[in-house]
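Working notes for the structure below.
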Amino acid sequence: MKVLVINAGSSSLKYQLIDMENESVIAKGLCERIGIEGSQLTHKVPGKEDWVQVNPMPTHETAINMVLSALVDKEHGVIADIKEIDAVGHRVVHGGSKCAESIKIDEEAKAIIKECFDLAPLHNPANLMGIEACEACMPGVPNVAVFDTSFGMGMEPAAYRYAIPEEYYDKYQIRRYGFHGTSHNFVSHETMAFAELPEDKRRIVVCHLGNGSSISASINGKCVDTSMGLTPLEGLLMGTRSGDIDPAVLQFIMNHDNISIDEMLNILNKKSGALALSGNLSSDFRDLSDAEAKGDEKAKLALDAFKHRVTKYIGAYIAAMGGVDAIAFTAGIGENDKDMRAEIMGHFAYLGIKIDPEKNSIRGKNVEISTEDSAVRVFVIPTNEELAIARETVRLA
Ligand code: ADP
């Protein structure tokens, strides 16, 4: 069975064609600048040179058609006919409170995705465009939506309700949803399997640390808490997002600088976080580490503040679960930055956590980085959201 996985943004579209017989990626790529001048498709096949096509892509439908043409292209293609694609899995950001599970696309499912436009105005409309483009280009092929918010739907009300008047929850479904759910779900299950955790010892903290970062606590795969909220702005400080902040800060700045709430939210989403603390040096953690090594104090502050916030959340989540059986690091920073992992885990020496520096240097695969006598087992588990979406697609299609 071959599954095409689509992650559609407002002006971009990422894809992977996965052979589910052996869960291998046959081809992947990216359409950029959809609806903007200078659109291009970069098609990648393992073992071959990238194929870049510059061609107008006024809509997501033209983008999908270009992807399909690339997949069956005589020279650069990987399949003989698009009929070889058995199903399409779509990353959809927000499923609202109605979608605790992935769903097969029909009119009702599309209506639910539309109902959540308000909750994810930048993402859900683009995700739906991707789905409708696939329906138009591949009639009869089943489409499945996998929601970033599904994992967080496992939370109990004590964790997901904001302490604000009930009417906002009733009228607008204002609650904590959490994001990166596909990754937290994948990594927590992968950790249970890799570590062979017995059923009564599956309290896991997953640290998804990338450009966007979030942490989750789960027991036996069920989410106890996760750091993002109604939107991805809550929780850790990130590349450009502030994370948790006293809402009175917004009122103060807006009143003094006479800016609108939209401008304020733009600042908190795009101009804050590590970028802001580093004095606008960079939102990229590699740049910040390089600058810190050269003595840049602001880069050091950005990195220290990030580590502090991650440490606070891990500590809180261990307490919320009444203990922890495994901690897993994933995503760009979590998988690659050994010093970051060692420093964060260093704060948990009081719990008896010990990291083995040699194991902590291994990259690119599942690895247990704690010592044999560590009181808690710590892992690096590379995330694979596309594979998780493909597995869900096979299950439902
Ligand atoms: P996104 O949220 O965009 O998917 P990623 O998970 O790819 O982000 O993470 C991107 C972040 O990971 C960047 O800040 C990047 O600097 C960081 N990163 C990647 N490799 C390393 C590395 N070797 N050391 C430190 N940080 C790294």
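The values are calculated or read from the model by the stated rules, or taken from the named source; none is laboratory data. Quantities reported herein were computed from a predicted structural model and do not represent experimental measurements. We place every Cβ from the backbone using ideal geometry, glycine too, and count neighbours over all the protein chains shown. Accessible surface is based on the protein model in full, side chains and every heavy atom, while ligands, DNA and RNA are left aside. Shrake-Rupley method; radii C 1.70, N 1.55, O 1.52, S 1.80 Å.
Below is a table of values for the structure above.
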read-out	value
Those residues of region 285-306 which are closer than 19 Å to SER272 by Cβ and away from the ligand (no atom under 14 Å from the Cβ), in sequence order	ASP296, GLU297, LYS298, LYS300, LEU301, ASP304, ALA305
Within region 369-397, considering residues that are crowded, with 20+ Cβ neighbours inside 10 Å and of a type in the set (Asp, Glu), the one farthest from ASN336 (Cα to Cα)	GLU392
Where ALA326 falls short, out of the listed (1) buried (at least 18 other Cβ atoms within 10 Å of the Cβ); (2) within 16 Å of the ligand (Cβ to nearest atom)	(2)
Matching residues in region 36-57 - criterion: being out of contact with any strand residue (DSSP E or B) (no Cβ under 8 Å at 6 or more places or on another chain) and closer than 21 Å to ASN124 by Cβ	ILE36
Number of the exception - ILE314 against (1) away from the ligand (no atom under 12 Å from the Cβ); (2) more than 23 Å from GLU385 (Cβ to Cβ); (3) of a type in the set (A, V, I, L, M)	(2)
Hits in region 329-352 (condition: open to solvent by 10 Å² or more (accessible area, probe 1.4 Å) and either more than 16 Å from the ligand (Cβ to nearest atom) or not in a helix (DSSP H, G or I) (or both))	ASP337, GLY346, HIS347, ALA349, TYR350, LEU351, GLY352
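Listed here are the residues, each with its yes/no results for (1) under 20 Å from GLY89 (Cα atoms); (2) open to solvent by less than 40 Å² (accessible area, probe 1.4 Å); (3) touching a Cys at 6+ places or on another chain (Cβ under 9 Å); (4) in contact (Cβ under 8 Å) with a residue 24 or more places away in the chain.
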position: TYR15; (1), (2), (3), (4): yes, yes, yes, yes
position: SER24; (1), (2), (3), (4): yes, no, no, no
position: GLY29; (1), (2), (3), (4): yes, yes, no, yes
position: ARG33; (1), (2), (3), (4): no, no, no, yes
position: SER39; (1), (2), (3), (4): no, yes, yes, yes
position: VAL45; (1), (2), (3), (4): yes, yes, no, yes
position: VAL52; (1), (2), (3), (4): no, no, no, no
